[in-house]
Amino acid sequence: MLNALLPLELRVFADAFLYTIVIIVLLIRPSGLIAAKGARV
Amino acid sequence: MSLLKLDQISISYGRAVAVKGLDIHVDEGEFVSLIGHNGVGKSSTVKAIAGVVRPTSGSIWFKDRDITQMDPGGILRMGIAVVPEGRHIFARLTVRENLVVGATISRDRSANLKNLDSMIDRFPVLGKYSGRMAGLLSGGEQQQLAIARALMSSPSMLLLDEPSLGLAPLIVQQVFDLLKELNEQGVSILLIEQNAAQAIVASDRYYVMRTGGVISTEARGGDQVDVAKIESDYLNFGTV
Amino acid sequence: MNDRVSAWSRWVFLALPLITPLILITVLIAVTDDISLVQRASTAMILMVMVVGLHIFSGNSGVISFGSVAFAMIAAYTSALLTIPVEQKPSLFPDMPGFLSWIVEFSLPVPAGIVVAVLFTGVVAVIVGVPLVRLSGLSAGIATLAFLVVVQVVITKWKAVTRGESTMVGVPKEATLWWALFGVVLAIAVAAIFQVSRNGRRLIATREDDKAAMSIGISIPKERLVGWTLSCMVAATGGALYGHYISTFSATTFGFALTFFVVAMLVIGGMGSLTGAVVGVLVVQVLSEFFRTLETQGLGPIPIIDFPGLTEMVLALILLIVLIVRPSGITGGTEVADWFVRRKSSKASSS
């Protein structure tokens, strides 16, 4: 899916983008995409 | 003119209300205690003053400035040093290093060194063990270290969260005597305590806090107070 | 110990008991002139530079990072690109993109190449560190591992600049046993200076108790970023040295296997102390050489154990045992220097 979104020249780096997204998710949603209710302190 | 003033402070965590409409103040040079049972919102109050938790409503004023939205670093720079609950010393740094990192906000090295010397004068036990890992000190010594470390930022006000926790009564007395001594030397003190009797005797004035952070009593403290009566009142508040 | 000793003597006190034996061992090995021994010692010491680098951040902050090898890799490639002889460059990099074409036109002496590579890696470390230092625990582990993968992918796929999956060749093979020794001494000195510095103490304070650290005005992200950047630059020094030592390498050289080794060495030795980083490398390296010898040639009366992957398995097993029996590593967070102090003070009290 990511492959389709990227311009042709950058397609070989798809995995790099994927893992960058992983890092960004960790940064902005530390408790996971779907945070457990009541887990916030 | 109050040094610290909490104006209608409310704190909630989601739907749980911890503190509701709290009004307290500490004047310049005063020693004030805020006593209450577990879970009445004392710790939330400390966190709000220290800037760790944002109140849901109300405002906090210090030296005539609104510090409600300030971050912990800014509040410390304003002159409020916090001794957190449970003796948070750095166990694997030496006593001396604990004190040195306490002066983080000040860049004036010679002033920091002077400050360090005066701490070691005031707390001889810290001088004696200055090269020792802080984790090896006894509970009372660790509490002294936590207080000394907070004083390294030269605060005008000291905010203590349950300094008596886990200490033997005799040691608690020593800690409170120390606070009184510091107070006489010009540091204003807000002491948050469960240990009502000793706190009341040590302080100029005290508040009793009830569930939801409502103040039920405000009275003068000191030696002449009838502690037995207060204690029975205090116990009753808890059962209401 | 007199606590009025100057900061200068405190870091020397910390580093000297580690540096002295390393120098002695290196001299002894150099004297024997046994090629395979010299090789093993050089590799071990270059690895030690990376492990000490990792210790600077993870040991003092208590936050694990699996990304240090990524920075070693960036530095190794950067230094290679800068130092490959100018006459070989056009044939090695025929498709160098325009904005990097200047690289093909000159080449630096190896020491200069390493310094520039380490500085460049430092800049990358700051950029990556600003967001990453906000994470701790499991998130930090996953994010740094993800960063390693990102660097791996970029280097294997960016053929025009990195030669992709083909190996880097033509890298000047100038690093020797003495270079490795110099690298280790430098790394240990930097780590010791950082550890006794104010920044280092503050970072340790955040490791010991984050709440208390915040209560006295320590900014956790700021202190972590300082340690992180220094840590990545030391790891980068190790990476660049490694590049110039083996002279042909590819992205897989700096992959999960090396990461596993580096992390295992630090954890086995003891993450909380500089001594642990040094001891960990020595113990793991000696053990792995032992098992590798068993695997390939047998040892004296012991026949060849024909079991590929034996070394890695034994290491993993040791790592597991250490984690269970002694989670703080062999040294348990103490320094050799502490040991001297304790002996001295116990003598003083008994007399």
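Among the residues of region B:85-97, count how many are charged (D, E, K, R) and either surrounded by 24 or more Cβ atoms within 10 Å (Cβ to Cβ) or outside any loop (DSSP other than H, G, I, E, B) (or both).
Going residue by residue through region B:85-97, those that are charged (D, E, K, R) are B:85, B:87, B:92, B:96-97.
Going one step further and asking which of them are either surrounded by 24 or more Cβ atoms within 10 Å (Cβ to Cβ) or outside any loop (DSSP other than H, G, I, E, B) (or both), we end up with B:87, B:96-97.
Qualifying residue count, region B:85-97: 3.
Residues being more than 8 Å from chain C (Cβ to nearest Cβ) and either in a helix (DSSP H, G or I) or in contact with a strand residue (DSSP E or B) (Cβ under 6 Å, 6 or more places away or on another chain) (or both): count how many of those fall in region B:67-78.
Result for region B:67-78: 5.
Within region C:263-274, restricting attention to residues that are within 14 Å of chain B (Cβ to nearest Cβ) and closer than 16 Å to C:Leu320 by Cα, which residue is surrounded by the most Cβ atoms within 10 Å (Cβ to Cβ)? If you could, list the steps in order and put the result at the bottom.
Residues of region C:263-274 that are within 14 Å of chain B (Cβ to nearest Cβ), as a first pass: C:270-274.
With the extra rule that they be closer than 16 Å to C:Leu320 by Cα, the set shrinks to C:270-271.
Details: C:Gly270: 27, C:Met271: 24.
Step by step, filter region C:263-274, then rank; the result is C:Gly270.
Quick check, is B:Ser10 within 26 Å of C:Ser219 (Cβ to Cβ), part of a strand (DSSP E or B) and away from every other protein chain (no Cβ under 14 Å)?
Working: within 26 Å of C:Ser219 (Cβ to Cβ): no; part of a strand (DSSP E or B): yes; away from every other protein chain (no Cβ under 14 Å): yes.
Spelling it out, it is not the case that B:Ser10 is within 26 Å of C:Ser219 (Cβ to Cβ), part of a strand (DSSP E or B) and away from every other protein chain (no Cβ under 14 Å).
Filtering region B:103-150 down to residues that are among the charged types (D, E, K, R) and touching a strand residue (DSSP E or B) at 6+ places or on another chain (Cβ under 9 Å), which residue is farthest from the other protein chains (Cβ to nearest Cβ)?
B:Arg132
Collect the residues in region C:301-344 that are touching a helix residue (DSSP H, G or I) at 6+ places or on another chain (Cβ under 9 Å), part of a helix (DSSP H, G or I) and under 21 Å from C:Ile64 (Cβ atoms), keeping them in residue-number order.
Selection gives C:Glu312, C:Leu315, C:Ala316, C:Ile318, C:Leu319, C:Val322, C:Leu323.
Any idea which of (1) within 12 Å of another protein chain (Cβ to nearest Cβ); (2) closer than 25 Å to B:Gly36 by Cβ is the one B:Val175 doesn't satisfy?
Among (1) within 12 Å of another protein chain (Cβ to nearest Cβ); (2) closer than 25 Å to B:Gly36 by Cβ, the lone unmet condition for B:Val175 is (1).
Exactly one of (1) aromatic (Phe, Trp, Tyr); (2) more than 9 Å from every other protein chain (Cβ to nearest Cβ); (3) touching a residue at least 40 places away in the same chain (Cβ under 8 Å) is unmet by C:Phe147. Its number?
Result: C:Phe147 fails condition (2) only.
Select, from B:Val100, B:Val82, B:Val52, B:Val46, the only residue that is within 14 Å of another protein chain (Cβ to nearest Cβ), under 23 Å from B:Glu193 (Cα atoms) and assigned to a helix (DSSP H, G or I).
Only one candidate qualifies: B:Val46.
Based on this model, can you work out whether C:Ala277 counts as within 14 Å of chain B (Cβ to nearest Cβ), assigned to a helix (DSSP H, G or I), farther than 30 Å from C:Lys157 by Cβ and touching a helix residue (DSSP H, G or I) at 6+ places or on another chain (Cβ under 9 Å)?
no
Is it the case that some residue within region C:77-90 is without any contact (Cβ under 8 Å) to a residue 24 or more places away in the chain, of a type in the set (Asp, Glu) and assigned to a helix (DSSP H, G or I)?
Scanning region C:77-90, I find no residue that is without any contact (Cβ under 8 Å) to a residue 24 or more places away in the chain, of a type in the set (Asp, Glu) and assigned to a helix (DSSP H, G or I), so the answer is no.
We did not get these values from a lab; they are worked out from the coordinates using the rules stated. Please read all numbers here as calculations on a predicted model, not as lab measurements. Counting neighbours? That spans all protein chains shown, and the Cβs are built from the backbone with ideal geometry, glycine included.
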